Amino acid sequence: MKKIVMKFGGTSVGTGENIRHVADLVTKYAKDNKVAVVVSALAGVTNSLIETGCQAKKSDEKHIQTFTAELRKKHTDAISTAITSKAIQKEVAQITENTIAELEKVLTGICYVGEITPKSKDYVMSFGERLSAPIVWGAIKDHKAESQCFTGKDAGIVTNSNFGEADPLMNFTAHLIRERLSPLLEKNIIPVVTGFIAADQDGVVTTVGRGGSDYTATILGVALQVDEVWIWTDVDGIMTTDPKIVPSARMLPQLSYQEAAEMAIFGAKAMHPRALGPVSKENIPVRIRNTAHPENPGTLITKEPIANAKEAVKAVAMIKDVAMLNVYGAAMVGAPGSYAKVFDVLGKNSINVMMISAAASEANISMVIKRGLLGRAVSNLEIALQERGGIVSEVTTEDDVAVIAVMGANMKGTLGVASKIFSTVAKKGINIRMIAQGSSELNISFVVKEKDGAAVVRAIHEEFNLDKN
Ligand code: ADP
Ligand code: ASP
Ligand code: MG
């Protein structure tokens with residue numbers, strides 16, 4: 001008997017049929033194990049909530065009603081397919097109805113105020129998981145298993161107030177989760193918890209970052225001291241690259257926390273970048289598995305990479321939705337603290353710098369940031385330019401770029417990897433805009449035009465024979 005947290009991603013709960021299948025899996029494993037479940041929003045719902053929430057500020061009530069009607073239909077359709085018992089259907093449909101009525105009010109409020117803040121955006125985004133989890137809960141009950149449904153907040157996840165990218169106050173959270181969920185596991189009652197969403201100390205809804213249900217799962221895993229955390233998704237595990245770009249991408253059976261985290265940070269969407277933090281400290285293994293192929297073992301992530309890893313390069317990833325920011329200033333050369341000032345301006349405006357490269361001779365720094373933050377970065381740097389005259393003379397941007405990251409724990413000991421990567425790109429006639437090597441030496445990353453990104457990933461995957469090792 002094992003204690004397991006199982007997280008089901010948006011694609012695994014995309015339709016009523018999929019949700020039924022999820023309930024099959026959960027109840028099958030719950031016969032011999034103690035299982036807690038974490039669920040994402042139905043595929044596509046979070047994106048549509050963000051889109052409508054952001055439009056709501058300049059939208060009208062009719063548009064909001066059209067949107068909520070579609071959302072209601074999507075979820076009621078899922079209820080009628082996932083659940084057979086009329087009584088349970090009715091119970092879940094009532095929750096759906098109440099939740100949608102609340103969403104309608106929130107969107108209308110945003111529409112009248114004409115503004116969406118990071119705080120209200122988190123509130124809007126929370127509705128995806130608030131709508132999906134009760135359906136999964138209903139489907140599990142429909143399988144004659146005992147279950148109880150929680151929001152992340154009710155389960156006890158308390159975060160800081162960094163809306164959009166909140167992090168848990170882990171000690172407090174672990175205490176609350178243990179208090180609320182452990183007694184259920186003891187009685188073989190399956191807790192179903194909304195992924196992604198939590199609350200700060202004042203009880204205000206927060207989210208832990210896009211793709212954050214993975215993070216919810218590992219937070220729960222640590223709090224409940226489980227044997228394993230299983231991340232169920234729509235691919236066989238973590239692969240040598242995104243199978244949507246290279247169909248022959250190969251599943252990696254085993255990775256270390258460090259390697260998997262590096263891959264997550266650098267674009268392997270299969271895992272939330274901060275999710276491995278809590279479990280790696282406690283040495284709790286994580287398994288990535290395919291809902292459609294539960295017979296496959298998936299990728300196992302543990303402390304030690306298995307000795308199978310002789311190859312220098314293990315994986316290649318592309319991060320889209322980024323932009324390059326170049327800051328120039330003659331006074332930057334040799335002026336103590338001038339880089340610090342640039343980063344200070346960005347840091348104070350909550351702009352995370354994903355990649356940095358500096359060439360002293362040219363008196364500039366190039367940085368990569370999320371594309372959506374570009375406007376905020378440039379305007380604040382320009383204000384700083386005016387205020388602190390002389391440090392920054394010019395700020396230029398490129399917003400049609402992507403980062404390519406080539407990863408592998410053995411890269412540091414292997415000569416010639418970088419030159420092989422760059423000659424592969426050169427042979428394709430593709431221009432590299434910027435280069436950086438992580439201090440961990442687990443990856444080499446560089447920037448190309450986004451339109452060239454997929455071709456670069458394919459070329460590197462082929463050059464290093466990643467589909468064959
Ligand atoms: P979920 O809804 O289950 O959370 P995600 O869409 O967040 O699923 O992540 C799974 C997707 O990540 C896959 O469908 C795949 O296209 C993409 N992906 C990108 N890079 C990788 C990689 N290296 N290994 C596996 N999947 C990857
Ligand atoms: N629904 C959230 C998102 O789309 C969280 C998740 O899927 O993990 O980002
Ligand atoms: Mg995900």
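Values as computed for the structure displayed
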read-out: Members of the range 219-251 that are of a type in the set (A, V, I, L, M, F, W, C) and within 16 Å of ligand 2 (Cβ to nearest atom); value: ILE219, LEU220, VAL229, TRP230, ILE231, TRP232, VAL235, ILE238
read-out: Unique match (being surrounded by fewer than 21 Cβ atoms within 10 Å (Cβ to Cβ), closer than 24 Å to LEU131 by Cβ and within 11 Å of ligand 1 (Cβ to nearest atom)) among ARG250, ARG210; value: ARG210
read-out: Answer from ASN188, ASN171 - the residue that is out of contact with any Leu (no Cβ under 8 Å at 6 or more places or on another chain), assigned to a loop (DSSP other than H, G, I, E, B) and more than 16 Å from ligand 1 (Cβ to nearest atom); value: ASN188
read-out: Those residues of the range 37-74 which are touching a helix residue (DSSP H, G or I) at 6+ places or on another chain (Cβ under 7 Å), away from ligand 1 (no atom under 16 Å from the Cβ) and either at positive phi or of a type in the set (Ser, Thr, Tyr) (or both), in sequence order; value: THR52, SER59, THR68
read-out: Filtered residues of the range 308-338 (kept if modelled with pLDDT under 85 and touching a Gly at 6+ places or on another chain (Cβ under 6 Å)); value: ALA312, ALA331
read-out: Residues of the range 433-469 classified as at pLDDT below 95, surrounded by fewer than 18 Cβ atoms within 10 Å (Cβ to Cβ) and among the small types (Gly, Ala, Ser), total; value: 3
read-out: Neighbours by Cβ (under 6 Å, 6+ apart or cross-chain): first from the range 231-256, β-branched (Val, Ile, Thr); second within 7 Å of ligand 1 (Cβ to nearest atom) and in a strand (DSSP E or B); value: THR240/ALA315
read-out: Residue list for the range 193-214, filter: on the phi < 0 side of the Ramachandran plot and near ligand 3 (Cβ under 10 Å from one of its atoms); value: GLY195, ARG210, GLY212, SER213, ASP214
read-out: Candidates ASP24, ASP60 - the one that is over 19 Å from LEU131 (Cα atoms) and at pLDDT below 95; value: ASP60
read-out: Subset of the range 44-99 (residues that are among the β-branched types (Val, Ile, Thr) and within 16 Å of ligand 2 (Cβ to nearest atom)); value: VAL45, THR46, ILE50, THR52, THR99
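The values are calculated or read from the model by the stated rules, or taken from the named source; none is laboratory data. Keep in mind the model is a prediction, meaning the values are calculated, not measured. No Cβ is skipped: glycine too gets one built from the backbone with ideal geometry, and neighbour counts run over all protein chains shown.
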